[in-house]
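Below is one structure; the comments refer to it alone.
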Amino acid sequence: MSSEVFNNLEQDSALRASIDRSLRHPVMFFLTSGAAWLAVSIILGVISSAKVHSPGFLDGFGFLTYGRTQAAHLNALIYGWGFQAAFGVIVWMLSRLSRQECRAAGMILTAGHIWNLGVSVGIIGILAGFGTGMPWMEFPSFCWPVLLLSYFAIVVWSLVQFKVRPEGHVYISQWYLMAAMIWFPWVFITANVLLHMMPGNPVMAAGINAWYKSSLIFLFFTPVALGTAFYLVPKVSGRPIHSYSLAQLGFWSLAVIMPWAGMQKLTGAPIPYFLPYLGATATILFFVPAFTAAVNILRTAMTDPEVVNNSPTLRFTMAGVVGLIVMAVAAVFLNIPGKTMEFSQFSMSVYGFEILAIYAFFSFVMFGAIYFIVPRVTRREWLSRRLIKMHFFFSIYGIVSIAVIAIFGGVQQGIGQEAFDQPWLEAALRAYPYAVFITIAWCFILFSNIFFFMHLTVMWLRLGRRSTHPTLLVSGHHGSPHGEEGDIDNCGSGTASAH
């Protein structure tokens with residue numbers, strides 16, 4: 001009996017290794033190029049933030065005005081880093097969970113180069129003054145079909161692998177990832193067709209744009225991050241998900257509630273009166289899927305706190321889950337009709353919430369996934385525990401500062417804007433100290449991510465120490481041999497005790 005179990009483990013290990021080998025080039029391309037775009041985005045973020053409190057900074061360069069650098073900063077963060085990190089994680093996770101080698105690595109890699117070309121042209125177009133002026137959709141209008149086609153070429157193979165997978169349980173991770181893959185083209189095509197091909201009333205165009213931003217956050221980045229967390233936490237801890245029923249509740253509440261969010265940003269506009277309140281209510285109710293998922297993941301991880309402390313993967317993932325909780329609280333705080341919604345509508349609070357969602361939640365979970373995936377596809381260990389710790393602590397300090405300062409500073413700015421009997425300068429002066437601290441915080445994040453990009457590039461070049469066991473970077477962890485993070489695909493990713 002023991003020899004049969006050993007043979008099954010050996011076969012499972014060989015299958016995982018072959019899947020990892022088949023995905024090494026596309027996965028590492030997405031993760032490394034995404035990290036490069038993250039560094040570009042942060043540099044642009046430092047410049048745009050500095051211009052808020054020091055308008056003369058780099059004023060000799062016409063392409064570095066605040067309007068252009070701020071738009072380029074956010075679009076590089078979303079399409080350069082966010083989507084490519086998601087692509088790398090989705091392709092790898094669905095192959096692993098479907099137990100299928102990737103037979104289209106060349107196609108995926110080619111589509112990835114086209115995606116990067118589209119993002120590069122879009123960022124250059126924004127800096128050159130050809131942006132559309134629509135937040136999160138500033139790329140010149142000819143870019144979106146290129147991104148859409150390359151997206152389909154990247155994800156279609158994951159859909160095929162899911163279809164031909166061996167019969168068995170569909171994990172909650174697959175639910176979230178598949179939903180995100182399906183929701184994004186619906187949101188992307190709807191918004192771009194209505195705004196670029198069928199332009200109508202400008203007020204409704206602003207509403208569609210607001211819905212698009214909200215949908216990207218809640219219907220793509222959130223389910224990708226949650227699906228990844230539901231995979232990583234049981235995998236590394238060796239424990240099943242605390243409550244599978246609670247995980248299903250979180251998924252369906254996200255799917256039902258969040259498509260209605262977004263229109264609260266048009267409070268006071270000449271649109272049907274109920275739409276902003278419907279959007280505000282949906283955004284406030286985000287706490288339902290957020291808290292059910294966060295409690296479920298935290299209860300699973302905290303069954304063994306020592307693993308959380310020792311594992312870079314769990315450390316970043318748990319920080320991301322805490323970011324999800326803070327994001328849900330901020331969604332309630334910023335969207336209370338008659339209280340804070342009017343003050344935050346046109347202030348830096350909006351920016352603070354976006355950074356909280358994309359960086360404090362989504363990006364931290366992606367960092368955790370990268371620290372888990374990269375040693376497996378490269379068969380190399382991470383070179384430096386110190387670099388990983390620097391990346392973590394500088395990122396935590398920077399992103400907490402940006403999110404908290406921008407949200408509360410934006411409320412103060414909004415109070416100044418609503419004081420109609422006071423000059424506009426009063427609102428600007430209220431925001432000044434907060435803008436200075438945001439610039440400093442971005443510098444800390446830039447410092448941490450330069451080392452992260454260098455570390456990741458070295459791993460892509462396979463210069464790390466060769467290993468058959470991706471480790472926790474500590475010796476002799478009591479839970480598994482060689483101090484390794486768990487790597488049995490059917491032991492944790494969304495399974496309940498009954499499975």
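The values are calculated or read from the model by the stated rules, or taken from the named source; none is laboratory data. All values reported here derive from a predicted model rather than from experimental measurement. Cβ placement follows ideal geometry from the backbone for every residue including glycine, while neighbour counts extend to all protein chains displayed.
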Open item on the list: Between a residue in the stretch 373-395 that is farther than 17 Å from Pro26 by Cα and any residue that is among the β-branched types (Val, Ile, Thr) and surrounded by 16 or more Cβ atoms within 10 Å (Cβ to Cβ), which pairs come within a Cβ distance under 7 Å, given they are 6 or more apart or on different chains?
Closed with: Glu381/Thr471; Trp382/Ile388; Leu383/Val458; Phe394/Ile445; Ser395/Ile445
Open item on the list: Cβ contacts < 7 Å: first residue without any contact (Cβ under 8 Å) to a residue 60 or more places away in the chain, restricted to the stretch 214-238; second residue buried (at least 24 other Cβ atoms within 10 Å of the Cβ) and not in a helix (DSSP H, G or I), any location; separation 6+ or different chain. Result?
Closed with: Ser215/Gly262
Open item on the list: Any residue at all in the stretch 319-329 that's surrounded by fewer than 20 Cβ atoms within 10 Å (Cβ to Cβ) and over 17 Å from the mean Cα position of the chain (by Cα)?
Closed with: yes
Open item on the list: Can you find a residue that is within 18 Å of Thr281 (Cα to Cα), in contact with a Ser or Thr (Cβ under 7 Å, 6 or more places away or on another chain) and in contact (Cβ under 8 Å) with a residue 40 or more places away in the chain anywhere in the stretch 351-358?
Closed with: no
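Can you tell me which of Gly320, Gly338, Gly268 is in contact (Cβ under 8 Å) with a residue 24 or more places away in the chain and on the phi > 0 side of the Ramachandran plot?
None of the others qualify; the one that does is Gly268.
A quick yes/no check of all residues on (1) out of contact with any helix residue (DSSP H, G or I) (no Cβ under 8 Å at 6 or more places or on another chain); (2) closer than 30 Å to Lys389 by Cβ; (3) not in a helix (DSSP H, G or I):
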| residue | (1), (2), (3) |
| --- | --- |
| Ser245 | yes, no, no |
| Thr283 | no, no, no |
| Thr292 | no, no, no |
| Arg299 | yes, yes, no |
| Phe316 | no, yes, no |
Open item on the list: Can you say whether Ser344 is polar (S, T, N, Q) and either over 20 Å from Pro223 (Cα atoms) or surrounded by fewer than 24 Cβ atoms within 10 Å (Cβ to Cβ) (or both), as far as the supplied structure shows?
Closed with: yes
Open item on the list: Tell me whether the stretch 18-32 contains one or more residues that are part of a helix (DSSP H, G or I) and without any contact (Cβ under 8 Å) to a residue 60 or more places away in the chain.
Closed with: no
- [ ] Check whether at least one residue in the stretch 123-134 is of a type in the set (Gly, Ala, Ser), surrounded by 15 or more Cβ atoms within 10 Å (Cβ to Cβ), touching a residue at least 60 places away in the same chain (Cβ under 8 Å) and assigned to a loop (DSSP other than H, G, I, E, B), and report yes or no.
- [x] yes
Open item on the list: Take the residues in the stretch 218-243 that are in a helix (DSSP H, G or I) and aliphatic (A, V, I, L, M); name whichever of them is surrounded by the fewest Cβ atoms within 10 Å (Cβ to Cβ).
Closed with: Leu219
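Here's the yes/no breakdown for (1) in a helix (DSSP H, G or I); (2) within 21 Å of Ala290 (Cβ to Cβ); (3) touching a strand residue (DSSP E or B) at 6+ places or on another chain (Cβ under 6 Å):
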| site | (1), (2), (3) |
| --- | --- |
| Pro337 | no, yes, no |
| Phe346 | no, no, no |
| Val350 | yes, yes, no |
| Phe353 | yes, yes, no |
| Phe362 | yes, yes, no |
| Arg376 | yes, no, no |
| Phe394 | yes, no, no |
| Tyr397 | yes, no, no |
Task: Selected residue [in contact with a helix residue (DSSP H, G or I) (Cβ under 9 Å, 6 or more places away or on another chain), outside any helix (DSSP H, G or I) and modelled with pLDDT of 70 or more] from Arg430, Arg462 - done: Arg462
Open item on the list: Considering only residues that are in a loop (DSSP other than H, G, I, E, B) and either at pLDDT below 85 or within 19 Å of the chain's Cα centre (by Cα) (or both), which ones fall in the stretch 146-189?
Closed with: Val164, Arg165, Pro166, Glu167, Gly168, His169, Val170
Task: Subset of the stretch 261-274 (residues that are surrounded by 20 or more Cβ atoms within 10 Å (Cβ to Cβ) and in a helix (DSSP H, G or I)) - done: Met263, Gln264, Lys265, Leu266
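Looking at the structure I just gave you, is Ala210 at pLDDT below 95 and in contact with a Lys or Arg (Cβ under 6 Å, 6 or more places away or on another chain)?
Criteria met by Ala210.
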- [ ] Can you confirm whether the stretch 206-222 contains a residue that is over 22 Å from Phe287 (Cα atoms), out of contact with any Pro (no Cβ under 6 Å at 6 or more places or on another chain) and of a type in the set (Phe, Trp, Tyr)?
- [x] no
Task: Inter-residue pairs, beta-carbon under 7 Å, first under 16 Å from Glu354 (Cβ atoms) and in the stretch 78-97, second among the β-branched types (Val, Ile, Thr), 6+ apart - done: Ile78/Ile358; Tyr79/Val119; Gly80/Val40; Gly80/Val119; Gly82/Ile358
Open item on the list: Considering only residues that are buried (at least 24 other Cβ atoms within 10 Å of the Cβ), more than 30 Å from Phe61 (Cβ to Cβ) and of a type outside the set (A, V, I, L, M), which ones fall in the stretch 96-122?
Closed with: Cys102, Gly112
Task: Whichever residue in the stretch 156-201 is polar (S, T, N, Q) and without any contact (Cβ under 8 Å) to a residue 60 or more places away in the chain and, among such residues, is surrounded by the fewest Cβ atoms within 10 Å (Cβ to Cβ) - done: Asn201
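One line per residue, one yes/no per condition, for (1) farther than 23 Å from Tyr176 by Cβ; (2) out of contact with any Phe, Trp or Tyr (no Cβ under 8 Å at 6 or more places or on another chain); (3) in a helix (DSSP H, G or I):
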site	(1), (2), (3)
Leu38	no, no, yes
Leu44	yes, yes, yes
Ser49	yes, no, yes
Val52	yes, no, yes
Gly56	yes, yes, no
Tyr79	no, no, yes
Gln84	no, no, yes
Met93	no, no, yes
